[in-house]
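The values are calculated or read from the model by the stated rules, or taken from the named source; none is laboratory data. Model, not experiment: these values are computed from the prediction. What goes into the accessible areas is simple: the full protein's heavy atoms, side chains included, and nothing from ligands, DNA or RNA. Shrake-Rupley method; radii C 1.70, N 1.55, O 1.52, S 1.80 Å.
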Amino acid sequence: PSRASTTASRASPGPSSTFINACAIAGHAEWLANTDDSTASTTIPFTFTYYSGMFTTVWFSSNGTVGFGTANASYTNACLPSGIANAIHTLWDDLYTRTPGLCTATVGTAPNRQFVVTHQNGFFFYNPVTTTSLNFSTILNETSGIIDLQFDTMVAPSDGTRGTGDNATIGVQGPSGQSTQFSC
């Protein structure tokens, strides 16, 4: 898997890392199975600083976005700044989920916990080919405040290079349009 590390002021490709799949962690929660253009939210076990805000609740969308504050299930991605305030666009595209959908879990112990949101076995909405499988995670790191974006299985054979994110928006956006874009 590859790793992209993002902070409120920079985005850079990081070193290879072991993919953290929240769906494989004992006690994980499952959300948004077999759905389109939906959001869910949950409390995280620590306060996470994102731009100038401090948050204990996170929302996530079936369309590859994780955020703080007002949830947004927009499937029409755009280059940043996009208009979705306080959002982490891990793989923002028009996605659909299969079972188990999105999983959340916390790993580690305080003060070095990681809150993980994994999109498991998704596909592009308009093309539900059974061989398409998109697995990626957004990881919030408690002490450092670093956001890790991990991409594991990204197979979309009938979509050309779309499975590698060539049509997705990847980056972060703050509360007032501040943004760092990794790709669009």
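Need a quick list: strands (runs of 3 or more DSSP E) entirely within the range 1-76 having at least 1 residues that are of a type in the set (Ser, Thr, Tyr) and either at pLDDT below 95 or open to solvent by less than 40 Å² (accessible area, probe 1.4 Å) (or both). Filter on the range 1-76 gives 2-6, 11-14, 39-50, 53-61, 65-67. The residues in the range 85-99 that are at pLDDT below 95, open to solvent by 10 Å² or more (accessible area, probe 1.4 Å) and assigned to a loop (DSSP other than H, G, I, E, B) can be counted, and the count is 4. Among the numbered conditions (1) more than 25 Å from residue 26 (Cα to Cα); (2) modelled with pLDDT of 90 or more; (3) outside any strand (DSSP E or B), the only one that residue 180 does not meet is (3). Within the range 142-184, the residues that satisfy the criterion of being open to solvent by less than 20 Å² (accessible area, probe 1.4 Å) and not small (Gly, Ala, Ser) are 147, 148, 149, 150, 169, 170, 172, 173.
Does residue 124 meet the test of being modelled with pLDDT of 95 or more and among the aromatic types (Phe, Trp, Tyr)? In short, no.
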